[in-house]
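Step one of this worksheet: look at the structure below.
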Amino acid sequence: MAKSVRYQDCDIATMQAGTAPYGLIEKASLVIEGGQILWLGKACNLPERFHALPVTSLNGRLITPAFVDCHTHLIFGGNRALEFEMRLQGASYEEIARRGGGIISTVKATREATDEELLKSALTRLDALMDSGVSVVEVKSGYGLTIDQEIRMLRIARALEQHRPVSIVTTWLAAHAVPPEYKGREEAYIDEVVIAGLKLAHSQGLVDAVDGFCETIGFSTAQMTRIFKAAKSLGLPMKLHAEQLTDQKGAILAAEYQGLSADHLEYLDPNDVPEFAKSGSVAVLLPGAFYTLKETQLPPVKALRDNQVDMAIATDCNPGSSPLTSILTAMNMACTLFSFTPEEALTGVTRHAAKALGLSDTHGVIAVNRPANIAIWDVKHPSELSYWLGASPLHQLMSSRALT
Ligand code: NIG
Ligand code: FE
């Protein structure tokens, strides 16, 4: 029989929708068997048959679902601290990109790095994310920009699962920037690398979703439409970097394709939100990029809220716009910068983040018959998870995923 254990002296923020705030159960018990949740509820209601199980007392700690970081660019070579200095002296993110810096400078460093170097630096960042309670990480390609290099990034992303007990979701982001060798031949890049590479990577089981950077310095909606059609014909779900720097109507495009999510959204027109809401796509907000780029245009949080759009929060961990490796800090920033409530922030890294990756059936809430992906915290109330800055109050992260 699979090993069973009973946790007691704890509160559980189940994050189940439509229940008490945070789905909170105070003075709770949780029974786990073989990596599955067998029972949870008030300790006083614990069924007789579980009374004899080995008990672990949590001394009043809080249990939440393990967090889901639904938007990262975790694998990259080098860093862009020098561009950080340039921006502090007044250069904008777009200016630096147009001068051949930005994403393209990371492409150069990534192409030059060995597999081992890419893996090692990604593991360092992954460890930091895990220390902030994350057990599922979405990882995008997008710094290779050739078929081989993009596939290499996704292979290394998948390999992370062999080194840490986390689940990795891979996203094909060859439409991140046009590499120098295709300058002026954007349509050829889309056919020869973005779409041809997608088909190959998909045939190798390396792609869970397809993304693009829909922006004046990225790809147009017409170009993204071509890529989305290819993704759709392969049966792959879509997401999109939309309205980060300008309003390109990318969120509407993502909605048209029933995308899992549209991400960033600072420049999303509040008037477009009702249309976006119909799709059921998640709005993934990335306060680390807003903060790092010293953006002043706020995403239309009130309109998203009023239209019942599910909002997620992610780190957007990347070397340019968001060198952030703590999802707890992203939650704090969502509250301070985007006026999220702490409950919205916690929902944003659990239930809604799982939805943004198509993982609603298995992740993001604590419920019976689900895998036991849980985080145990040295806090008394869930609002503290958005409140503390700096040291992580994580006590233990439990993932149902054993190392492969
Ligand atoms: O999500 N905007 C495009 N992609 C990343 C930035 C990538 C980079 O600057 O290297 C983002 O912000
Ligand atoms: Fe991003």
| field | Members of region 193-220 that are over 21 Å from the mean Cα position of the chain (by Cα) and either part of a strand (DSSP E or B) or free of Cβ contacts under 8 Å to residues at least 24 places away in the same chain (or both) | value | Ser203, Phe219
| field | The one condition in (1) open to solvent by less than 60 Å² (accessible area, probe 1.4 Å); (2) under 29 Å from the mean Cα position of the chain (by Cα); (3) more than 16 Å from ligand 1 (Cβ to nearest atom); (4) at pLDDT 95 or above that Thr56 fails to fulfil | value | (2)
| Could you list, in sequence order, the residues of region 271-290 that are within 17 Å of the chain's Cα centre (by Cα) and either away from ligand 1 (no atom under 16 Å from the Cβ) or over 22 Å from Ala231 (Cβ atoms) (or both)? | Ser281, Leu285, Pro287, Gly288, Ala289, Phe290
| Residue, least open to solvent (accessible area, probe 1.4 Å), within region 346-375, restricted to residues that are of a type outside the set (Lys, Arg) and over 20 Å from the mean Cα position of the chain (by Cα) | Ala367
| request: Answer yes or no as to whether Ser121 is open to solvent by 30 Å² or more (accessible area, probe 1.4 Å), of a type in the set (Gly, Ala, Ser) and under 19 Å from the mean Cα position of the chain (by Cα). | output: yes
| field | Residue that is least open to solvent (accessible area, probe 1.4 Å) [pool: residues in region 379-404 that are over 16 Å from Ser326 (Cβ atoms) and among the charged types (D, E, K, R)] | value | Arg401
| Which listed residue is open to solvent by 10 Å² or more (accessible area, probe 1.4 Å) and within 16 Å of ligand 1 (Cβ to nearest atom), from Leu293, Leu268 | Leu293
| Here is a list of conditions, (1) within 16 Å of ligand 2 (Cβ to nearest atom); (2) open to solvent by 30 Å² or more (accessible area, probe 1.4 Å), and Ile313 meets all of them except one; can you say which number that is? | (2)
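Give region 292-328 a look and list any residue that's closer than 18 Å to Val273 by Cα, of a type in the set (D, E, K, R) and out of contact with any strand residue (DSSP E or B) (no Cβ under 8 Å at 6 or more places or on another chain), or say none.
Lys302, Asp306, listed by residue number.
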| query | Restricting region 334-356 to residues that are away from ligand 1 (no atom under 16 Å from the Cβ) and among the aliphatic types (A, V, I, L, M), which is nearest to Asp127 (Cα to Cα)? | reply | Val349
| said: When you check Ile227 against the structure, is it assigned to a helix (DSSP H, G or I), in contact (Cβ under 8 Å) with a residue 40 or more places away in the chain and either in contact with a Phe, Trp or Tyr (Cβ under 9 Å, 6 or more places away or on another chain) or open to solvent by 10 Å² or more (accessible area, probe 1.4 Å) (or both), yes or no? | reply: yes
| said: Would you confirm, using the coordinates I've provided, whether Met331 is in contact with a strand residue (DSSP E or B) (Cβ under 7 Å, 6 or more places away or on another chain), farther than 17 Å from Ala13 by Cα and more than 16 Å from ligand 1 (Cβ to nearest atom)? | reply: no
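The values are calculated or read from the model by the stated rules, or taken from the named source; none is laboratory data. Nothing here was measured: the structure is a model prediction, and the numbers come from that model. Using ideal geometry, Cβ is built from the backbone for each residue, glycine included, and neighbour counts are taken over all protein chains shown. These accessible areas exclude ligands, DNA and RNA; they are computed on the full protein's heavy atoms, side chains included. Shrake-Rupley method; radii C 1.70, N 1.55, O 1.52, S 1.80 Å.
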